[in-house]
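Undergrad: The structure follows.
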Amino acid sequence: LAEKQNGPRDIFKLSCDWLSVQEVVDAVSSPSCGAISVFIGTTREDEADGKKVVGLEYEAYEPMAQSEFTKLCADIRARWPSVTHICVYHRLGWVKVGEASVVMAISSPHRHDSQQAIQNCISQLKANVPIWKKEVYNTQEASWKENAE
Amino acid sequence: LAEKQNGPRDIFKLSCDWLSVQEVVDAVSSPSCGAISVFIGTTREDEADGKKVVGLEYEAYEPMAQSEFTKLCADIRARWPSVTHICVYHRLGWVKVGEASVVMAISSPHRHDSQQAIQNCISQLKANVPIWKKEVYNTQEASWKENAE
Amino acid sequence: MNSHWLSCLLWFWSSFNVELTGVKEEQTVAVPTPISSLDLWTLLLQRHPRLCELQDGVVLAVRQEYVAIGNQVVTLRDGDEVAVVPPLSGG
Amino acid sequence: MNSHWLSCLLWFWSSFNVELTGVKEEQTVAVPTPISSLDLWTLLLQRHPRLCELQDGVVLAVRQEYVAIGNQVVTLRDGDEVAVVPPLSGG
């Protein structure tokens, strides 16, 4: 059990509740790590064709999202072997403007590895993890989005 | 006043207390930003010549640290004009193994700017802001450190 | 061709699809196997013509693995999960 | 050379220096001006010989601006703040 607790952790959570940055940071903390890189994606106040975005509605193909996250972690660990813990929380359902839709943290002994890995992590998440968002406007209208990259 | 509150914020704090990641994140949050990048530097469990590091003792040339931070922010804003808010909290005094010595966050509308800026921010902080740390060992001994870069 | 028909669990995981097809899940779709992913997609389009609105960027997921729509041949087993995956927008 | 002596606030901001010099701040150091930063450093070494243990990587800060130790000429004003800055290790 002690070995399991001390080994590398890959933690993925889909949640309809407000995301705690501190909880994600705590999940990757380790006395062997001097660096924790964090990325927070929030719902931006935006306009499209004169309509104001009031929030986003997220949906996931949940079991596949988990398995794609597992692949993503394996890929990161292959590229940056010193990465220690990886934790990604993603919101589902309604996320209003200003709130976090995704909070991710990666720890490593030295900073460059966690910094490069976190950039890769959000890019891979956007490209491969089956999650979708719909922009909801102040006009009651909504439209599904597509990640540009 | 409203203009001041909505304008770009450069926040720097030297503190002897435990650093709250949430507080630093909140300081850079903005409805116009979809991305917040965070870096946390923690005291790593380490050994040197068979002695165990139990903590670090930080000290700063405080007024100059503030003025170097101001220059650092100007440099970041020149390179990444879309950077919105910058917040850096640095511990002083005793920081035991596992605790954060620095927490920094940068917000921007899109993620690449805040991600590149945060890497630059920690590099510049280490190179230019007059702060020093002393490693304290379980043998009661201590030695001043030097940033490698 | 050792082709035969079997039942697949057909999932419409995104509300894109739910809105287009009006269903989230179909239990009893008969599908020939082996089948190219393009033929599989064509078969889905016949059942749910409004899926053609998705067109660009749509892929399939068979047993929770992505399969691009094209010549790739997919061998299905009874009860396999097939999902229609429109362009992702997580993060 | 319009050189004259004046009083400078001499700071030893890092405990490196405090441990080496035994003082954190000296109020009444007389310094000629203009002076090269190397001559200024030499003058400090004469007052506090153990500062030579710092050697590599040490710079000065005059009025809270870094000045490399070398030929650069510094013009001091009465009451200016001069600090000895050993290699940084923040973060």
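The values are calculated or read from the model by the stated rules, or taken from the named source; none is laboratory data. Predicted, not measured: the structure shown is a model, and the values here were computed from it. All Cβ positions, even for glycine, are placed from backbone atoms using ideal geometry, and neighbour counts span all protein chains on display. Protein only, heavy atoms only, side chains kept; ligands, DNA and RNA dropped before computing areas. Shrake-Rupley method; radii C 1.70, N 1.55, O 1.52, S 1.80 Å.
Undergrad: Treating only the Cβ of Lys, Arg, Asp and Glu as charged (+1, +1, -1, -1), what charge dipole size does the protein assembly as shown show about its Cα centre? Round to the nearest 20 debye. Before the final figure, lay out the partial values.
TA: Working: 42 positive and 60 negative charges, 21 e Å.
For the protein assembly as shown, the charge dipole is close to 100 debye.
Undergrad: In addition: Using Cα springs under 10 Å in a Gaussian network model of chain A, which residue among A:G34, A:G50, A:G98 shows the largest mean-square fluctuation?
TA: Maximum among the listed residues: A:G50.
Undergrad: A follow-up question, please. With contacts defined as alpha carbon pairs under 8 Å and 6 or more residues apart, what's the relative contact order of chain A in percent?
TA: Details: 295 pairs, mean separation 52.3, N = 149.
In percent, rounded to a whole number, it is 35.
Undergrad: I've got another one for you. Can you pull out the chymotrypsin sites (Phe, Trp or Tyr not before Pro) in the stretch A:3-91 that DSSP calls coil and that have at most 11 other Cβ atoms within 10 Å? It would help to have the intermediate numbers written out before the result.
TA: Details: sites: A:F12, A:W18, A:F39, A:Y58, A:Y61, A:F69, A:Y89; in loops: A:W18, A:Y61.
Here the sparse-neighbourhood loop sites are A:W18.
Undergrad: For label points placed 7 Å from Cα toward Cβ, what is the shortest-first list of nm distances from A:I11 to its copies?
TA: Listed shortest first, these distances are 2.5 nm.
Undergrad: Once the label point is set 7 Å along the Cα-to-beta-carbon vector, what list of distances in nm do you get between C:P49 and its counterparts in the other copies?
TA: 10.0
Undergrad: Moving on to the next point. Could you tell me how far the Cα centroid of the stretch D:71-91 sits from the Cα centroid of the stretch C:20-91, in Å?
TA: 69
Undergrad: Using r as the Cβ-Cβ distance of A:H110 and C:Q55, and R0 as 60 Å, what FRET efficiency do you calculate, to the nearest 0.05? Please report the intermediate quantities before stating the final value.
TA: Numbers: r = 46 Å, r/R0 = 0.77.
With R0 = 60 Å, the Cβ-Cβ based efficiency is 0.85.
Undergrad: Where only protein heavy atoms count, and the probe is 1.4 Å, what is the accessible area per residue for chain A in Å²? The partial results should precede the final answer.
TA: On the way: 6340 Å² over 149 residues.
With all protein chains present, chain A gives 43 Å² per residue.
Undergrad: What number in nm² do you get for the protein assembly as shown if you take the convex hull of its Cα atoms and divide its surface by four? Show your work: numbers first, answer last.
TA: On the way: hull surface 121.7 nm².
Projected area, direction-averaged: 30.4 nm².
Undergrad: Tell me the mean residue ellipticity at 222 nm calculated for chain A from its helices only (DSSP H runs of n ≥ 4, each -39500 (n - 2.57), averaged over every residue, nearest 500).
TA: Working: 4 runs with 49 residues, N = 149.
Taken over chain A, the calculation gives -10500 deg cm²/dmol.
Undergrad: Calculate the FRET efficiency for A:W94 and B:K52 from the Cβ-Cβ distance with a Förster distance of 51 Å, rounded to the nearest 0.05.
TA: Numbers: r = 49 Å, r/R0 = 0.96.
Calculated value: 0.55.
Undergrad: Work from the charge dipole of the protein assembly as shown (Cβ charges, +1 for Lys and Arg, -1 for Asp and Glu, about the Cα centre) and give the residue of B:Q116, A:W18, B:V129 farthest towards its positive end.
TA: Checked the options; the winner is B:Q116.
Undergrad: Estimate for me the total accessible surface buried between chains A and C (protein heavy atoms, probe 1.4 Å, no ligands or nucleic acids), in Å² to the nearest 100.
TA: 1900
Undergrad: Follow-up question, since we're still on this one. Could you quickly flag the chain B residue whose beta carbon comes closest to the rotation axis taking B to A, and that distance in whole angstrom?
TA: B:V38, 2
Undergrad: Look at the axis of the rotation that sends chain C onto chain D, then give the chain C residue with the nearest Cβ and the distance in whole Å.
TA: Residue and rounded Å distance to the axis: C:G91, 14.
Undergrad: Rounded to whole Å, give me the distance from the Cα center of the stretch B:102-125 to that of the stretch A:13-68.
TA: Centre-to-centre (Cα) distance: 18 Å.
Undergrad: A further question follows. Label-point separation (nm) for D:A30 and C:Y66, each offset 7 Å from Cα along Cα-to-Cβ?
TA: Label at D:A30, label at C:Y66, 7.7 nm between them.
Undergrad: How far is A:R77 from itself in the other copies, in nm, if each label sits 7 Å out from Cα along the Cα-Cβ line, shortest first?
TA: Spelled out, the distances from A:R77's label point are 4.4 nm.
Undergrad: With a cap of 16 neighbouring Cβ atoms within 10 Å, and only residues DSSP puts in a loop, list the trypsin sites (Lys or Arg not before Pro) found in the stretch D:29-91. All intermediate terms of the calculation are to be shown ahead of the outcome.
TA: Values: sites: D:R47, D:R50, D:R63, D:R77; in loops: D:R63, D:R77.
Passing sites in the stretch D:29-91 are D:R63, D:R77.
Undergrad: Quick check on chain B: what does the Kirkwood estimate of hydrodynamic radius come out to from the alpha carbon pairs, in Å? Before the final figure, lay out each step's value.
TA: Numbers: mean 1/r = 0.0622 Å⁻¹.
With all distinct Cα pairs of chain B included, I get 16.1 Å.
Undergrad: Would you list which lysines come within 27 Å of A:K126, measuring only between C-alpha atoms, while excluding same-chain residues fewer than 8 positions from it?
TA: Reachable lysines: A:K13, A:K51, A:K52, A:K71, A:K96, A:K134, A:K145, C:K24.
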